[in-house]
Amino acid sequence: MFNLTKEQVDRARALHEASLVVDTHNDTILHLIKSPPFLTSETNPPAPRRTLGERSEHGQIDIPRIREGGVNCLLFAMYVSPLYTARLRRLVQMLDAFTLEVERYPDQIAVANNHREITKTVKDGKIAAVITVEGGEPLEGSIEALRIIHRLGVRSLTLTHFPRNELGDGSAADSGSHLTEFGGEVVQEMNRLGMLVDISHLNETGFWDVIELSKDPIVATHSNCKALCNYHRNLTDDQIKALAEKGGVMNLSFCAGFIKEGIGFGDPEALKKVTVEDWLDHLDHAVELVGTSHVGIGSDLDGGCGFPGLDDVTKFPSLTEGMVSRGYSDEDVKKILGANDLRVFKKVLK
């Protein structure tokens with residue numbers, strides 16, 4: 001793919017194996033949960049239900065493929081659509097389903113709540129799973145709900161999804177509004193609890209509110225560079241710089257529509273126009289802005305993302321090969337593969 005020499009291929013393989021590789025976002029639980037209701041239609045039927053431990057022909061992530069891709073720590077997101085009338089209950093269903101799946105494979109995977117548990121789990125030869133929530137909808141406007149889901153193991157919250165919620169505007173419903181009073185309270189309580197504040201999907205005004213409010217580093221778990229692809233989900237150069245100055249990490253997604261302009265979701269032919277080289281261009285751009293200490297990987301696999309060459313978790317080694325082909329040092333490759341996010345985890349997660 002990258003016209004590497006054998007020496008470079010061997011170096012990339014060794015680097016990947018020696019790194020603690022982190023993926024900061026996936027939507028795999030949506031494909032595992034068997035509890036109805038499912039928000040579907042005649043044109044959008046539910047995908048076949050899968051298990052975490054068995055290799056599947058469907059979807060993009062399961063334990064065998066995680067192993068093949070050499071990924072050690074994954075942040076599993078629980079996304080609850082605002083169309084659900086009992087959003088907190090739906091989140092509890094998802095947490096229960098995911099916990100039961102993990103418990104089925106105790107020799108392979110374990111939930112980890114902080115940096116110490118992540119590193120120990122990986123040292124023990126298991127995959128470290130960190131539980132996150134994508135979008136503040138399940139809080140239903142209640143700070144008590146935030147504290148309860150933290151007690152249930154949630155360690156990160158993406159404040160909004162595409163629409164507006166009780167915390168603020170999502171990027172697709174951007175009225176220019178600030179975080180709500182409740183949104184500000186959530187950010188401050190997350191700091192107190194030791195949770196990662198995730199600004200992916202948040203509108204730009206809300207982003208600057210978080211920068212001002214949060215005492216801790218913040219993360220973008222799955223965002224790309226607006227300078228290269230002018231999509232509302234992406235971050236401007238100023239946002240990337242501010243996130244880095246806060247000590248945080250921008251994790252680049254595999255969503256083709258966030259990487260190259262004019263690529264719609266669900267169009268197989270359009271996806272062929274996107275390559276790993278295009279993803280690496282976003283990496284290079286972010287690194288030119290803020291250096292190699294504030295960039296990571298947040299695939300958004302099983303969330304409608306991926307493209308040929310980077311279409312499931314087994315393809316992570318190609319990112320390492322790509323970084324080698326672009327001249328990144330061993331130390332920088334390890335930082336981007338996971339060490340940067342681990343630094344933030346160590347500082348924030350309790």
field: GLU288 accessible area, assembled protein chains, probe 1.4 Å, Å²
entry: 150
- prompt: Per the Kirkwood treatment, what hydrodynamic radius in Å, one decimal, follows for the stretch 102-212 from the mean inverse distance over all distinct Cα pairs?
  reply: 14.8
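For a protection proxy built on the mean count of beta-carbon atoms within 10 angstrom, sort 1-14, 272-285 highest first, please. Present the calculation step by step, with values, prior to reporting the outcome.
Details: 1-14: 12.8, 272-285: 19.0.
Per-residue mean Cβ counts within 10 Å order the peptides as 272-285, 1-14.
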field: Relative contact order [Cα under 8 Å, 6+ residues apart], the chain, whole percent
entry: 20
statement: Taking a ≥ b ≥ c as the square roots of the Cα gyration tensor eigenvalues, with a/c under 1.5 meaning rounded and otherwise prolate when a/b beats b/c or oblate if not, the stretch 299-350 comes out oblate
- prompt: How big is the accessible area of LEU202 in square angstrom, nearest 10, if you roll a 1.4 angstrom probe over the protein chains?
  reply: 10
field: Separation between Cα centres of the stretch 146-200 and the stretch 291-312, rounded to whole Å
entry: 22
Zero-based 5 Å bins, Cα pair distances in the stretch 23-78, whole percents: 4, 18, 26, 25, 14, 8, 4, 1
The stretch 156-220, relative contact order [Cα under 8 Å, separation at least 6], %: 36
field: Inter-label distance, nm, simple model (7 Å from Cα along the C-beta direction), ASP237/GLN108
entry: 4.6
task: Provide the gained length on full extension for the span GLU212 to ARG55, in nm with one decimal, where the gain is 0.36 nm per separating residue minus the Cα-Cα distance.
output: 52.1 nm
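From the gyration tensor of the Cα coordinates in the stretch 58-125, what semi-axes in whole Å does the equivalent ellipsoid have, largest first, with each one equal to sqrt(5λ)?
Semi-axes from the Cα gyration tensor: 25, 15, 11 Å.
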- prompt: If you stretched the chain out fully between PHE162 and THR205, how much longer would it get, using 0.36 nm times the residue separation minus the C-alpha to C-alpha distance?
  reply: 14.0 nm
- prompt: What ranking of LYS123, LYS346, LYS34, LYS260 comes out by heavy-atom accessible area, probe 1.4 Å, highest first?
  reply: LYS123, LYS346, LYS34, LYS260
Those aspartates and glutamates that a straight Cα-Cα span of less than 12 Å connects to LYS346, excepting residues fewer than 8 apart in one chain: GLU117, ASP216
field: Relative packing of 291-302, 235-246, which averages over residues the other C-beta atoms within 10 Å, highest first
entry: 291-302, 235-246
- request: Using the Karplus curve 6.51 cos²θ - 1.76 cosθ + 1.60 with θ = phi - 60°, work out ³J(HN,Hα) for each residue of the stretch 325-331 in order, rounded to whole Hz, and write x for Gly and Pro.
  value: 5, 8, x, 6, 6, 4, 4
statement: Note to self, the chain gives a 222 nm [θ] from helices alone (DSSP H runs n ≥ 4, -39500 (n - 2.57) apiece, / all residues, nearest 500) of -11500 deg cm²/dmol
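Using a Förster radius of 35 Å, what is the FRET efficiency between ARG116 and ASP267 based on their Cβ-Cβ separation? Nearest 0.05, please.
Calculated value: 0.20.
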Cα radius of gyration and Dmax for the stretch 223-282 (Å): 12.1, 39
- request: Just need the relative contact order of the stretch 72-188 here, percent rounded to a whole number, with Cα pairs under 8 Å and 6+ apart.
  value: 23
- line: For the stretch 289-300, in residue order, the Karplus 3J(HN,Hα) values (coefficients 6.51, -1.76, 1.60; θ = phi - 60°; whole Hz; Gly and Pro = x) are 7, 10, x, 8, 8, 9, 10, x, 10, x, 4, 6
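Under the Kirkwood approximation applied to all pairs of distinct alpha-carbon atoms, what is the hydrodynamic radius of the chain in Å? If you can, show how the numbers build up before the last one.
Numbers: mean 1/r = 0.0500 Å⁻¹.
One decimal place: 20.0 Å for the Kirkwood radius.
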- prompt: What FRET efficiency, computed as 1/(1 + (r/R0)^6) with R0 = 35 Å and r the Cβ-Cβ distance, is obtained for ARG147 and ALA172, rounded to the nearest 0.05?
  reply: 0.75
- request: Find the centroid of the Cα atoms in the stretch 20-85 and in the stretch 115-136, then give the distance between the two in whole Å.
  value: 16
task: Return, in residue-number order, each cysteine of the chain whose C-beta is not under 4.7 Å from any other cysteine's C-beta.
output: CYS73, CYS225, CYS229
query: Counting DSSP beta bridges in the chain, what percent are antiparallel, to the nearest 5?
result: 10
message: In Å and on Cα atoms, what radius of gyration and Dmax does the stretch 216-319 show?
response: 13.0, 42
statement: DSSP beta bridges in the stretch 109-207: the antiparallel percent, rounded to 5, is 10
- prompt: Considering every Cα-Cα pair within the stretch 150-285, what fraction, in whole percent, is farther apart than 22 Å?
  reply: 37
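The values are calculated or read from the model by the stated rules, or taken from the named source; none is laboratory data. Not measured: the values here are computed from a predicted model. We place every Cβ from the backbone using ideal geometry, glycine too, and count neighbours over all the protein chains shown. In case anyone asks, the SASA skips ligands and DNA or RNA and just uses the protein heavy atoms, side chains included. Shrake-Rupley method; radii C 1.70, N 1.55, O 1.52, S 1.80 Å.
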